[in-house]
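One structure is given below, encoded as structure tokens.
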Amino acid sequence: FFFPCVGKETKMRIIGAYMLCVLAGNESPGADDIKKILDSIGEKPDEERLELFLSQVKGKDLAEVIEAGSKKLGAVPSAAGGAGAGAGEAGGAAEEKKEEKKEEEEDDIIDFSDDDDE
């Protein structure tokens, strides 16, 4: 399952509100529960994204979702970049920027599925 990016702040607020509900003892928060929390800070969630998110976490334990997400993050290679020094590397630098842009776009999708083969 994927949770496409609406805006990182909106996405994180929905997730944060959901987590607050669970931590407060509501094991299965609904849209109204999340909206109540977001309303308290003057936010209105995107209805479509909220329903999509809730459908993806329905019936799942929050701790298991977090653990699965942590495993997926651990599988993401991190780049330890050094500064390029030569003029001959200019073409490579432009290519690196394109690759960075592509990676940023891929980061805008959160995967809440149980599949570990990605």
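Numerical summary
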| read-out | value |
| --- | --- |
| Environment charge of residue 39, counting only residues whose C-beta is closer than 13 Å and scoring Lys/Arg +1, Asp/Glu -1 | +1 |
| Long pairs among 11/44; 11/58; 11/36; 36/72; 44/72, criterion Cα-Cα beyond 20 Å | 36/72; 44/72 |
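A short reminder: the numbers here are calculations on the coordinates, not readings from a lab. These figures come from a predicted structure and were not determined experimentally. Here Cβ is always computed from backbone atoms with ideal geometry, including for glycine, and neighbour counts include all displayed protein chains.
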